Every structure is written in C-alpha cells, then in structure tokens.
Amino acid sequence: MPDVKLPPALTAPRTRALALCGLLVGALFLVAAFVPLPYTLTLPGTTANVLGVYEGKQVLTITGAPTRQTIGELRMVTISATNPGEELSLWTSLKAWVNQDEAVLPSEAVYPQQDPTKAQQVTQQQMTESQDSATIAALNYLHLSPSQVKVTVDLGDIGGPSAGQLIALGIIDKLAGDGKGGDLTGGKVVAGTGTIDDDGNVGAVGGVPLKTQAAARDGATVFLLPKSECSDAKVNTPAGLRLIPVTTLADAVAALTALNSGGTVPSC
C-alpha cells in the first residue's frame, strides 16, 4: 500500500499536544459527570389536610372542648428529598437545575445530620416541637387553657417544623371556625407552610417554590406563607394559586376571614 502523508499541520508537535489535552479534558468531564457530589435533590412532596385524615388516621384529635364539623381543607405541604448521605452526580444535578419541579441544595442545608437514623430523629423531634408550639399558639389565640383542652396531632412519619402554621389554623378551625359560624377555609382548599412559635409568630422554612407546586397539584387555590419568603414563592408560581403572606397566626386568620368576606387580602 502507498504511504499516506498527513498535512504538516496535523503532525506538528503543537497539534499533537492540543489533541492530547482535548482527550484529557474530555476524560475529566466524563469522570466528573458521574462523581458523587455533596448535594441533595429535592422535589414537590406530599400534602396532608390537617382537618381530615392522613394515612387512615385523624390528623387532629381534640378533647376538653366541643369541636365543629368543617368543610374545605387546610393542607400542610412537604418537599421530598433524596436520602441523607446519598450524593448526586454532576449530570443529575445539571438536569435538576433546568427543571422547575426540582431543586438541588447542599446536603448539609437539608440534612444537618447525614446519618439516616439520626436525621430521622432530628426531623421527628422538630415535628413534635412544632406541634406543641402550634397547640399553644392556637389555644392562646382562642383564650383557652392548655390544661383543659388537649390536642393530639398524627401526621405519620412526616417530620420537620414547617407544618406549624397549618396545624395551628386547623386547631382554630376545629374549635371556633371564623368566629361567626363559618369555616376559616370558606370551603376552599387552602395550603401553606411556615414554622410557628408559642407566641404565634410565623417563620421561614425554605423550599417554597417546590411547595407551591405540590399545593397546586393537590387542588389548592390559596397558599399561606411567611412574608419573608414572598420573593422565593413568586418563582414559577403555579397558575391559579393565590399567595398570601403572613407574619403571625393572627395575620393568617385575618387574611382568610377577609378572603371569605371580600375584604382586603395581602399579597406577595
């Protein structure tokens, strides 16, 4: 066979060096695409109507005071996340970055405890504390004594502190409604998020853009959220979902009452 002579430009030392560098860079990108990264993938999670049943059990059980039948729903909202200690590849992270229904967060921001058992213990403790504060805040709002009225909350294995506001509203709706014989919900599906303390202050929780997606998916038309998270909530807000910012439990009750009576309602 005759010899095939390549053009000098293809055989020059500089060209060979560039080609080798290109191969090395390509190999590095290929490896990086599958190297685990310390990030957690989060998605819209489950919602639960605190006025009703979750996983076959009544969410709110109240004794020591008469309760009322309610209509409408008050849905607490969660986000789903990959397991603690589970790392993402670069490729998975990049795909989530361009998907509005997913978000990638530093793992330590989602799970301060990376051990799965300890992480579960922490989130369950947060839920217990949230339930206690929600009960105290709601009973204080209604001027009822915690020594006479007992509230039990059952949300299965849902953890974290972000259901506080909705639990407190559920207790108020079960015991007093809007104070005029009607329901706080006005018969609508109301969702929301926010921590709560004993004094009824509503705090930020994170993950709001994903929670609005979950709320709309499960039929909510109203979403209560901490006022400080309005800017986050307005990112890809689902069509037909009304955002109502609050800073206290009293704000939330007043906003729902105004919404049902045609009054002025705050908005993001």
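The values are calculated or read from the model by the stated rules, or taken from the named source; none is laboratory data. Owing to the predicted nature of the structure, the values given are computational and were not obtained by experimental measurement. Note that each Cβ is placed from the backbone with ideal geometry, even for glycine, and that neighbours are counted across all protein chains shown. Accessible surface areas use protein heavy atoms only, side chains included; no ligands, DNA or RNA. Shrake-Rupley method; radii C 1.70, N 1.55, O 1.52, S 1.80 Å.
What about Arg217, is it basic (Lys, Arg), open to solvent by 40 Å² or more (accessible area, probe 1.4 Å) and within 16 Å of Ala48 (Cβ to Cβ)? Even if it seems obvious, please write down each step before you answer.
Values: basic (Lys, Arg): yes; open to solvent by 40 Å² or more (accessible area, probe 1.4 Å): yes; within 16 Å of Ala48 (Cβ to Cβ): yes.
It is true that Arg217 is basic (Lys, Arg), open to solvent by 40 Å² or more (accessible area, probe 1.4 Å) and within 16 Å of Ala48 (Cβ to Cβ).
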Flagged in segment 245-265 as out of contact with any Cys (no Cβ under 8 Å at 6 or more places or on another chain) and within 18 Å of Ile196 (Cβ to Cβ), in numbering order, are Val246, Thr247, Thr248, Leu249, Ala250, Asp251, Ala252, Val253, Ala254, Ala255, Leu256
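Please find, within segment 42-61, the residue that is farthest from Glu73 (Cα to Cα) out of those that are open to solvent by 40 Å² or more (accessible area, probe 1.4 Å) and assigned to a strand (DSSP E or B). I'd like the intermediate steps shown before the answer.
Step one: filter segment 42-61 for residues open to solvent by 40 Å² or more (accessible area, probe 1.4 Å), giving 43, 46, 53, 55-58, 61.
Restricting the remaining residues to those that are assigned to a strand (DSSP E or B) gives 43, 46, 53, 57-58, 61.
Working: Leu43: 22, Thr46: 15, Val53: 11, Lys57: 16, Gln58: 13, Thr61: 16 Å.
So the residue we want is Leu43.
Look through segment 221-244, keep the residues that are charged (D, E, K, R) and within 15 Å of Thr195 (Cα to Cα), and return whichever of them is nearest to the chain's Cα centre (by Cα). Reasoning before the result, please.
Within segment 221-244, the first condition is being charged (D, E, K, R), and the residues that meet it are 227, 229, 232, 234, 242.
Checking the rest, the ones that are also within 15 Å of Thr195 (Cα to Cα) come to 227, 229.
Working: Lys227: 15, Glu229: 12 Å.
Out of the qualifying residues, it is Glu229.
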Selected residue [surrounded by fewer than 18 Cβ atoms within 10 Å (Cβ to Cβ), at pLDDT 95 or above, at positive phi and not polar (S, T, N, Q)] from Gly181, Gly187, Gly194 = Gly187
Any chance Ala119 is open to solvent by 40 Å² or more (accessible area, probe 1.4 Å), at pLDDT below 95 and small (Gly, Ala, Ser) | no
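Does Lys227 satisfy the condition of being buried (at least 19 other Cβ atoms within 10 Å of the Cβ) and charged (D, E, K, R)?
Values: buried (at least 19 other Cβ atoms within 10 Å of the Cβ): no; charged (D, E, K, R): yes.
Here the answer is no, as Lys227 does not meet what is asked.
Here's the yes/no breakdown for (1) closer than 18 Å to Thr248 by Cβ; (2) in contact with a Gly (Cβ under 9 Å, 6 or more places away or on another chain); (3) among the polar types (S, T, N, Q):
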residue	(1), (2), (3)
Gln126	no, yes, yes
Gln131	no, yes, yes
Ala134	yes, yes, no
Leu139	yes, no, no
His143	yes, no, no
Thr152	no, no, yes
Lys174	no, no, no
From the set of residues in segment 62-73 that are surrounded by 12 or more Cβ atoms within 10 Å (Cβ to Cβ) and not small (Gly, Ala, Ser), which is nearest to Pro146 (Cα to Cα)?
-> Ile62
Within segment 139-178, track down each residue that is touching a Ser or Thr at 6+ places or on another chain (Cβ under 8 Å), open to solvent by 30 Å² or more (accessible area, probe 1.4 Å) and hydroxyl-bearing (Ser, Thr, Tyr).
-> Thr152
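Which one of these is touching a strand residue (DSSP E or B) at 6+ places or on another chain (Cβ under 6 Å) and among the aliphatic types (A, V, I, L, M): Leu243, Leu256?
Just one listed residue meets the conditions, Leu243.
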Residue count, segment 205-236, condition at pLDDT 95 or above and in a loop (DSSP other than H, G, I, E, B), comes to 4
Per-region count, segment 133-165, residues in contact (Cβ under 8 Å) with a residue 40 or more places away in the chain and not in a loop (DSSP other than H, G, I, E, B) | 12
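Quick grid of which residues meet (1) farther than 23 Å from Gly182 by Cβ; (2) modelled with pLDDT of 95 or more; (3) over 19 Å from the mean Cα position of the chain (by Cα):
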{"position": "Leu43", "(1), (2), (3)": "yes, no, no"}
{"position": "Val59", "(1), (2), (3)": "no, yes, no"}
{"position": "Met76", "(1), (2), (3)": "no, yes, no"}
{"position": "Ala81", "(1), (2), (3)": "yes, no, no"}
{"position": "Pro84", "(1), (2), (3)": "yes, no, no"}
{"position": "Leu88", "(1), (2), (3)": "yes, no, yes"}
{"position": "Trp91", "(1), (2), (3)": "yes, no, yes"}
{"position": "Trp97", "(1), (2), (3)": "yes, no, no"}
